[in-house]
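Only the coordinates and a few stated rules stand behind these numbers; no lab work does. It should be emphasised that the depicted structure is a prediction, and the values quoted were computed from it without experimental measurement. Don't worry about glycine lacking a Cβ; one is built from the backbone with ideal geometry, like all the others, and counts go over all protein chains shown.
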Amino acid sequence: MTPPQEDLLPATRRALLHRIAVAQSEGRTPSLVAAVVRGGRAVWHGARTSVDGHGPDEQVQYRIGSITKTFTAVLVLRLRDEGALDLGDPLEKHLPGTGAGEATIRELLAHTGGLAAESPAPWWERTPGSLRPELSDVLGERPLLHPAGRRFHYSNPGYTLLGALVEKLRAAPWEDVLRREVLEPLGLARTGGRPQAPHAGGWAVHPWADVMMPEPLEDLGRMAPAGQLWSTTGDLARFAAFLARGDERVLSAESLQEMRTPAAPAEPADLADGAAYGLGLQIQHRDGRLLVGHSGSLPGFLANLVISVADDVAAVVLANCTSGPLLSSVGADLVRIVAEAEPRLPEPWRPLREADAAPLELAGQWYWGTNGFGLRLTADGLLSLGPLSGVGRRSRFRANGDGTWTGLEGYFAGEILRAVRRADGSVSHLDVGSFVFTRTPYDETADVPGGVDPDGWRGIG
């Protein structure tokens, strides 16, 4: 009997537990908790701890560091979707006088605004936010280190500016806006800017001795939108499901897809690692799959949230140590274990309810020059263009309602596909962004750019 989709097999659960047990032991962390999400809901929670007889559950809070940035990015995308701003707007248009106003909102989201990585000394993560009461205190005398838009340079102050932007346009504190617009609609009751019992304490573990020391738990003040939040594996599991699927009460699936799309030029080292950055989300190719999410760290805590949208699997890992297990590897391994042990079942094939004659007429084999392509009409009403050889440019196209279609991805993203007809109404060829696709290679009856040799095809003779 096939188990229900939401249940993991015992062997899979054992493999997940083994992975976090190794991470907690070898990483020498006081505790480590994890969750796996499949099909939009948490299907596994696990914990390992150094305290006998006590295992933190999915309701125990840990500090999540820079995963906070993803929450801030969601708030900014909400403002964009409402028409309150455009991602191409310079910050100066909405938040004047910062000294970093030439950077666009998109560049700040993608860490390409040219801002410094950190605020001026003292180290903001271990000192009270009251030392930096104004934006000028966060940015310092030289907020821009690089030309805006030229390179990826991770910036915590950049997300402070985005939090201030949210506050300006909403006329309310960043955390109040977050709670009202994201946390409450998604049911994230155990996520917030202040720890609420039960919560883990943050610890530094000595690198050369098995002893520990507590880390300070500071309120980050102005830097809160970059790393303040506390959360649980239970809440972050729900947040991961939202990031993969969307929720119209908060943000559409289309806008989340935009967040998951690379928006920053990768540095050479990032290219070697297969890493990129979207809008508030880290992107990585690992073990042959595309992973999106975010990592986080503050003194005393490590965090990781990772999603494989294609596998419909996500993982959350939290630990209460300053340094220790590489949680990005642990999270990726949890996703891999489930995806490989219990591959996602494809949705049943279903035919179209109604077949429109116009796109149906276009389905079949086409040639761009001598390269063969197939054009399919799929059950979701899209046209799917792909090479017959399996190698080459491919894209899906959405109908525009006027007899044309717009490319959704790849080389033809945003390009227009239209059928060019002869005087008798029959289809001569397809025009896709000026590329001519004909029913036969270099069809002499079609308007092939450069024309077709009148002597046609011939041997070498």
Inset, instruction - Return the distance in nm (one decimal) between the two label points of a simple spin-label model at Asp176 and Ala341, each offset 7 Å from Cα along Cα→Cβ. - result: 4.7
Legend entry - Relative contact order for segment 357-437, counting Cα pairs under 8 Å that sit 6 or more residues apart, in percent: 18
Legend entry - Packing-based order for 165-173, 66-74, using average beta carbon neighbours within 10 Å, highest first: 66-74, 165-173
Legend entry - Prolate/oblate/rounded call for segment 161-208, Cα gyration tensor, a/c under 1.5 rounded: oblate
Legend entry - Fully extended contour minus Cα-Cα distance, from His285 to Ala399, at 0.36 nm per residue: 37.9 nm
Inset, instruction - Enter the angle in degrees (range 0 to 90, nearest 10) between the Cα long axis of helix 327-341 and the first principal axis of the Cα atoms of the chain, meaning the one along which they spread out most. - result: 50
Inset, instruction - Compute the long axis of helix 10-27 from its Cα atoms, compare it with the longest principal axis of the Cα atoms of the chain, and write down the angle in degrees, 0 to 90, nearest 10. - result: 50
Legend entry - 0 to 90° range, to nearest 10: angle between helix 233-245 axis and the chain longest Cα axis: 20
Inset, instruction - Considering the options Gly46, Asn400, Thr438, tell which one lies farthest towards the positive end of the dipole of the chain, charges being +1 on Lys and Arg and -1 on Asp and Glu at the Cβ, about the Cα centre. - result: Gly46
Inset, instruction - Only Cα pairs under 8 Å and at least 6 apart count here; give the relative contact order of the chain as a rounded whole percent. - result: 16
Legend entry - Pairwise label distance in nanometres, Arg458 with Arg142, each label 7 Å out on the Cα-Cβ vector: 7.0
Inset, instruction - Go ahead and run the numbers for FRET between Ala269 and Arg376, Cβ-Cβ distance against an R0 of 35 Å, rounding to 0.05. - result: 0.30
Legend entry - Rounded, prolate or oblate (a/c below 1.5 giving rounded, otherwise prolate when a/b exceeds b/c) for segment 55-198 by Cα gyration tensor: oblate
Legend entry - Average Cα contact separation per residue, segment 107-178, under 8 Å, 6 or more apart, as relative contact order %: 44
Inset, instruction - List the residues of segment 217-232 whose backbone N lies under 20 Å from a point placed 7 Å from the Cα of Glu82 along the Cα-to-Cβ direction. - result: 225-226
Legend entry - Calculated diffusion of segment 38-138, Stokes-Einstein form, Kirkwood radius summed over Cα pairs, 4 °C and 1.567 mPa s, µm²/s: 75
Legend entry - Sites Thr261 and Asp447 - FRET efficiency at Förster radius 51 Å, r taken between beta-carbons, to 0.05: 0.90
Legend entry - Estimated [θ] at 222 nm from DSSP helical runs (n ≥ 4, -39500 (n - 2.57)) normalised by residues in the chain, nearest 500: -7000 deg cm²/dmol
Legend entry - Positive-end residue of Trp349, Val177, Ala237, charge dipole of the chain with Cβ unit charges: Ala237
Inset, instruction - Report the one residue of Leu326, Gln257, Leu385 whose Cα lies farthest in the direction of the positive end of the charge dipole of segment 255-406 (charges on C-beta: Lys and Arg +1, Asp and Glu -1; origin at the Cα centre). - result: Leu385
Inset, instruction - At 7 Å along the Cα-to-beta-carbon direction for both Leu131 and Arg14, put a label point, then send me their distance in nm to one decimal. - result: 5.1
Legend entry - Residue-count net charge about Arg394 - beta-carbon cut-off 14 Å; Lys, Arg +1, Asp, Glu -1: +1
Legend entry - R0 of 60 Å, Cβ-Cβ distance Asp52-Ala357: FRET efficiency to nearest 0.05: 0.25
